[in-house]
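Notes follow once the structure below has been shown.
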Amino acid sequence: MPIRRAYMDPPLEKGVGGFLTLPKEVAHRFVDVLRLGEGALVELFDGQGNVLRGILSLGPPARMTNLAHARYQRELPAMVVAQAMVKMDKLEQVVQRATELAASQIVLFDCERSQVRLGDKVEKKMSRLMRIAQDAARQCGRADVPEIHGPLRFEELLHRCRSFDGLCVLGEPDTDVQLLSLLEGEARGIMILVGPEGGFSPAEVRALKQSGAREANWAEHLLRTETAALAALSVIQQFYRAGRAFD
């Protein structure tokens with residue numbers, strides 16, 4: 001049976017041995033939702049790479065005892081998803097799947113053909129996306145959670161492309177340049193640029209390329225906006241996991 005996990009706001013206690021009294025929401029998840037019994041092996045993570053593992057004591061109050069701390073070390077390069085604004089349900093899919101596929105950062109931005117804006121209650125909507133990322137990290141076993149930024153103006157995205165330390169990739173189904181060929185020797189980081197449902201405008205494509213983005217193809221067919229980054233992440237992750245770019 002997999003170890004039951006919960007997210008906890010940092011900082012996590014790092015002492016080995018001893019005990020930690022669980023916050024109300026964590027205790028509720030372990031005791032009331034998962035119905036774990038006394039002595040169950042459980043794990044906390046803080047989204048910043050810290051993991052705390054211990055034995056559940058039901059109390060009250062509920063505690064973790066015999067604590068062991070570990071620090072997650074990321075082995076993949078930075079993988080940034082720059083996603084144009086789309087409907088909230090599609091953004092939620094992108095955030096959830098990108099977290100599972102090891103994205104280190106998700107950047108939302110507006111562009112010419114974006115038909116959706118976050119509008120009012122931006123903070124509330126961004127907080128929801130962050131909770132989705134935390135939950136996806138918990139389920140897939142990650143100790144870190146991707147940062148989520150935005151929504152940015154298109155000009156701000158261009159600035160990020162120019163200052164990004166690594167490879168910026170723009171999807172182009174008709175090009176003969178394959179994403180894999182651009183990854184050879186690139187160990188710094190990759191930013192995947194994904195347009196809205198209608199794609200980037202010609203002017204935006206020119207501006208992105210002038211800002212250092214490279215066009216590449218990573219799928220057999222034209223992909224939906226909510227699928228494009230996920231397909232690219234899968235290709236990138238498998239490339240680096242195969243050890244073809246790491247020393």
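The values are calculated or read from the model by the stated rules, or taken from the named source; none is laboratory data. A quick note: this is a predicted structure, and the numbers were derived from the prediction, not measured. We place every Cβ from the backbone using ideal geometry, glycine too, and count neighbours over all the protein chains shown.
Quick rundown of the values:
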item: Matching strands (runs of 3 or more DSSP E) fully within the stretch 135-247 where at least 3 residues are among the small types (G, A, S) and in the same structural domain as D46 (by TED's automatic domain parsing); result: none
item: Residue match in the stretch 82-95 (condition: of a type in the set (K, R), touching a strand residue (DSSP E or B) at 6+ places or on another chain (Cβ under 6 Å) and over 22 Å from M191 (Cβ atoms)); result: no
item: A84 assigned by TED's automatic domain parsing to the domain that holds S201 and farther than 30 Å from N50 by Cβ; result: yes
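Residues are listed down the side, and each one gets a yes or a no for (1) among the hydroxyl-bearing types (S, T, Y); (2) touching a residue at least 40 places away in the same chain (Cβ under 8 Å):
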residue	(1), (2)
G59	no, no
N66	no, yes
H69	no, yes
A78	no, yes
V86	no, yes
D110	no, yes
R117	no, no
S127	yes, no
M130	no, no
